[in-house]
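In what follows, a single structure is set out as structure tokens and then discussed.
The values are calculated or read from the model by the stated rules, or taken from the named source; none is laboratory data. What you see is a predicted model; the values in this text were computed from it and never measured. Glycine gets a Cβ as well: all are built from the backbone with ideal geometry, and neighbour counts include every protein chain shown. These area figures cover heavy atoms from the full protein model, side chains too; ligands, DNA and RNA do not enter into them. Shrake-Rupley method; radii C 1.70, N 1.55, O 1.52, S 1.80 Å.
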Amino acid sequence: MSSATEHHDPNCLVTGNPTFESITESVSCIPESRTPLAWKIMFSISASLALGLFCLIGYLFWEGVGVWGLNNPVGWGWAIVNFVFWVGIGHAGTLISAILFLLRQRWRTAINRFAEGMTIFAVICALIFPTIHVGRAWVIHWTLPIPNQMGVWPNFRSPLLWDSFAVGTYFICSFLFWYVGLIPDLATLRDRAKTRIRKIIYGLFSLGWRGGNRQWRHYELTYLILAGISTPLVLSVHSIVSTDFATAQVPGWHTTIFPPYFVAGAIFSGFAMVMTLSLIARKVFNLTHIITKKVLERMNMIMLLTGMMVGYAYSMEFFIAWYSGNIYEQFAFVNRAFGPYAWAYWIMISCNVLVPQIFWFKKLRNHLVVMFIASIFINIGMWFERFVIVVTLARDFLPAAWDYYSPTWHDIGLLIGSFGLFFTLFLLFMRFLPIVAMSEVKGILPQADPHKSGEHHG
Amino acid sequence: MQIDLKTYRLTDPGKLGMIALVVGILGLLVSILGFTSDRTQFFYSYLVAFVFWTSIGLGGLFFTMLHHLADAKWSMVLRRISESVMSTLPLMGLFAIPLLFGIHDLYHSSHADVMATDELLKAKEPFLNQAFFIIRTVGYFVIWSLLTFFLFRNSVKQDSVHSDKLTAQWRRVSAPGMILFAVTSTFAAFDWLMSLDPHWYSTIYGVYMFTGGFLAAISFIILSASYQRRQGILKEEITIEHYHDLGKLLFGFLVFWAYMAFSQYFLIWYANIPEETVWFLDRWENAWKSLSLLMIFGHFAFPFLALLTRGAKRSVVWLSVMSCWILFMRWVDIYWLAMPTLHEHGPQFSWIDLSTMCGIGGIFIWYCWRKYTSHPVLPVNDPGLKESLEFVNN
Amino acid sequence: MAKIGSRAYGVLAEFSGTGPLLSAAKKIHEAGYKKYDCHSPFPIHGMDQAMGMKRSPIGYMVGFTGACGLLGMLYLTYWVSVVEYPLVISGKPLFSWQAYVPPVFAITILVSAFMATFGMLVLNKLPRFNHPLFNSESFKRFSDGGFFISLEAGDPKYDEVKVTEFLKSIGATKVEVVTDE
């Protein structure tokens, strides 16, 4: 067999010649088996951190945002950094589930379910930060056009209002997309359930799915439409997040490439997170035949690609800052690279532009340890990208007002706590739901093709 | 027009090449007349036509490299078309030569007296100077031509040799090729169009130009395929399913173009900084406003609605009509980007606009068609061809 | 076999794979049956044509809803900013449509997603937690690796014996009668 025919043999995507039943078994046995000790340990750590997050938020409500390290030039600190970071993480999930679906990249089936799960949990973490940043979180519903006795309406020209519309819509759509994808798999768990409580819960959430083609035909088109509308949505969400900065007249923030640049960065960081999580899940739950090296390699290629896009945006910003002839614009960038936050800038450049370059080499992009470490570096780098954008504001137009921004223990605690919340939700998902889209994986097996199934049958 | 179904070579390439060549030569001759009568108008019209056709060639290069990198199968039957489109890039390099003689007429920053008095432009002197402009333009075409030569040569080689090495080779070239492409096409856009207004700047400009060019290239590929279909060539090979995918691509990039255009406009409108808004103001005042409105409705709203449904994307006739329309709007786009520098008070269409478009376009199509017909019209030996022929949309 | 006192819902035939299921679906369609369905763990390519079904109308439903959402939200932004609560902010006109594009777009997508999801559930008559097919023990494998055709007793051409014979003749490995109870 030549390498080219091997290439489009779907066998490459799922190794070990599985049957439909073996796919069901290897995925369903995770929520059906006893809780592994490793899970319990990880869950207790992350749940404690999540609890810590809620305590810190309570303390914040009591004391006010003065507990953060904000100062006069830097009115937005870690809260917005964390917000943009978490929204960005979510984007890869939608990219995998929607855009790769439209592009018929079938290898996505191995990772799409938990990439989508990741999206939802990341967006939950993200939504916390602007909510608590407004200071009076109990009136956060004022961002929505709800009639009230004050006769006051929201300002539709405000980027912060766009955020609540865009991220809110993003959360709901991602959730619907994820749930629609889950229905057939929940039916599988329902049909395999042995205990009454499982039968009731999985039965309830699978909505009585019967897998008839009269159902599948609506289902498939719905899935396609959800993918179709999620694609512009995911572009719009991070574009709108970028307008928080780019609509301002602040040097270094106001630049027209921000929307696509933020989207590319979001996908980049999100892929790094999917990589981190899938390497762990693959190891802990023994899914090496479904999340194959081929899948991981392609994810690394996408990281290389998006890393280059981010690098392109960095250099365009720098070039145009010089080309504009605007001294404030030029200073903003020189200050980033050589000012008091140069350390953060160079962390960003090395993690986001240099680290992914290792994926040019086939050996390295197939090496599990290397890609795990690289994915963590990219996560760090992308957090620092937002940090650099937000915090270099410490030197604005008035040198008399210049200051140095440092986070307080509370800022750091919130970031750690948000990771706790994210992993708590993620671990719950891994424990109780099918983490691989079984029906989709079955659909790409060679015996699923009705014109070939005769050869494989028997 | 006739085809030998064993080798997939055109035994009779038809009259298209000849007609295009005649139109091209006539167009160029008339344009020379334009040069003698109105030198500045000539160079502006020439620039618009030159950028229009070059961006289609670049779109073809991008299509081909993307096809290789994504290891795409469905587009295999279209590969020869996109390869022929990109192979015009060296030819466009020749068409760049007259442009170099028009630098003084086109670019404000080439005037020594302006550079001496304008503080802002003085600061940009290291970039905006004639020598560097020429070096860069030559550099772009050298890079594009090398990429094109390599990819085309290897592709044709595959027709006679069975080798997996070729596939690996063009993938290895396409990856760094994409980086070169991104950098060169961005700076080409800055050089040729953005610096017409040397004070103005926008970081998204390069991406904006690329998106529009790729959109035009997809339209051009659709028209090439449907032209052959009407002549009875490749009817069974380029099926409705391939048109459907091309339609989706066209639709997707149409939205993507609108996204880029809106991002640029929106951020500048919102921040309202005079040094930036002036560029849009030039295009929103007096008669230019109607052209700006045409851009919103003609380059986005109308084709968006017209291509929204599945049926529209699966109708070859409708897709061809829309492709013509989008190519026309692409020309309007470049005209809208370039011309307000010359005609401040509103668009003044000139017969030189038409003659330069026909001149460069005729030669472009003739050369593209010649490249296309001198080899088998499908990559007959590619192992992915079979899958592409059988490809069906979900 | 049917229990005494319970009505038959129809017959359930099992097939060995996607290929046999697809060819059986073609034959059953050609034989003129109407109330039947092909159950599989994943959607099968070409099944819609085999069963002679048209494309789902969801696309048009979503398109219409999206258009309503777009116009509705555009009107809301207009009404709020121009009529009900006019405020001049950063010197921009009251109806600055550019700035309303993000929320209008978001709402358009939101209502479309709701329509796609809930429209699908309504067309599929879901949720429905109790269904005669769930009485069959072997039907449970449809979500694992089993392929089934169910033919309802309500079909005008239904005749238990004949249908059983017919299904066996088109490749069913096992045929059983499913009851309401």
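Values for this structure:
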item	result
Filter result (at the interface with chain A (Cβ under 10 Å from one of its Cβ atoms) and open to solvent by less than 40 Å² (accessible area, probe 1.4 Å)) within region C:64-89	C:G66, C:M73, C:T77, C:V80, C:S81
Residue list for region B:277-332, filter: within 29 Å of A:H254 (Cα to Cα) and of a type in the set (K, R)	B:R283, B:K289, B:R330
Only one of A:F262, A:F245 that is touching a Phe, Trp or Tyr at 6+ places or on another chain (Cβ under 6 Å), assigned to a helix (DSSP H, G or I), more than 8 Å from chain B (Cβ to nearest Cβ) and over 23 Å from A:W178 (Cα atoms)	A:F245
One residue from A:F372, A:F422, A:F361 being of a type in the set (A, V, I, L, M, F, W, C) and under 16 Å from the mean Cα position of the chain (by Cα)	A:F422
Tally of residues being more than 19 Å from B:G362 (Cα to Cα) and in a helix (DSSP H, G or I) across region B:217-245	8
Any hit, region C:22-29, residues being facing chain A (nearest Cβ under 7 Å) and assigned to a helix (DSSP H, G or I)	yes
Residues located in region C:68-105, provided they are free of Cβ contacts under 8 Å to residues at least 12 places away in the same chain and aliphatic (A, V, I, L, M)	C:L71, C:L76, C:V80, C:V83, C:L87, C:V88, C:I89, C:A99, C:V101
Pick from region A:311-341, criterion at the interface with chain B (Cβ under 9 Å from one of its Cβ atoms), in a helix (DSSP H, G or I) and among the polar types (S, T, N, Q), ranking: least open to solvent (accessible area, probe 1.4 Å)	A:S324
Wholly within region A:347-451, helices (runs of 4 or more DSSP H) carrying at least 3 residues that are away from chain C (no Cβ under 14 Å) and under 22 Å from A:W68 (Cβ atoms)	A:368-391, A:409-432
Check on A:T35, modelled with pLDDT under 90 and either within 12 Å of A:L427 (Cβ to Cβ) or open to solvent by 70 Å² or more (accessible area, probe 1.4 Å) (or both)	yes
Unmet requirement for A:G208, which otherwise passes all of (1) farther than 30 Å from A:V87 by Cβ; (2) open to solvent by less than 20 Å² (accessible area, probe 1.4 Å); (3) part of a helix (DSSP H, G or I)	(3)
Hits in region B:253-289 - residues which are without any contact (Cβ under 8 Å) to a residue 40 or more places away in the chain, assigned to a helix (DSSP H, G or I) and either surrounded by fewer than 19 Cβ atoms within 10 Å (Cβ to Cβ) or among the aromatic types (F, W, Y) (or both)	B:Y259, B:F262, B:Y265, B:F266, B:W269, B:Y270, B:P274, B:T277, B:F280, B:L281, B:K289
Set C:M120, C:M115: member being more than 7 Å from every other protein chain (Cβ to nearest Cβ), closer than 30 Å to A:D191 by Cα and part of a helix (DSSP H, G or I)	C:M115
Residue match in region B:213-221 (condition: within 22 Å of B:F62 (Cα to Cα), surrounded by fewer than 21 Cβ atoms within 10 Å (Cβ to Cβ) and either within 14 Å of chain A (Cβ to nearest Cβ) or hydrophobic (A, V, I, L, M, F, W, C) (or both))	no
Meets criteria (touching an Asp or Glu at 6+ places or on another chain (Cβ under 7 Å) and either at the interface with chain A (Cβ under 10 Å from one of its Cβ atoms) or at pLDDT below 90 (or both)) for C:P41	yes
2 or more residues crowded, with 20+ Cβ neighbours inside 10 Å: qualifying helices (runs of 4 or more DSSP H) within region B:76-173	B:79-86, B:89-101, B:130-160
Search result, residues across region A:179-198 that are open to solvent by less than 20 Å² (accessible area, probe 1.4 Å) and either in contact with a Pro (Cβ under 8 Å, 6 or more places away or on another chain) or more than 9 Å from chain C (Cβ to nearest Cβ) (or both)	A:G181, A:L182, A:P184, A:D185, A:L186, A:T188, A:L189, A:A193
Pair list, Cβ under 7 Å, 6 or more apart: region A:140-155 residue away from every other protein chain (no Cβ under 11 Å), other residue modelled with pLDDT under 90	A:I140/A:V134
Residues of region C:123-149 satisfying the condition of being out of contact with any strand residue (DSSP E or B) (no Cβ under 7 Å at 6 or more places or on another chain) and more than 7 Å from chain A (Cβ to nearest Cβ)	C:K125, C:N130, C:F134, C:E137, C:R141
Failed item in (1) modelled with pLDDT under 90; (2) part of a helix (DSSP H, G or I), with A:T119 passing the rest	(1)
Unmet requirement for A:P145, which otherwise passes all of (1) in a helix (DSSP H, G or I); (2) open to solvent by 30 Å² or more (accessible area, probe 1.4 Å)	(1)
Qualifying residue in region B:156-168 (condition: within 14 Å of chain A (Cβ to nearest Cβ), of a type in the set (G, A, S) and out of contact with any Gly (no Cβ under 6 Å at 6 or more places or on another chain))	yes
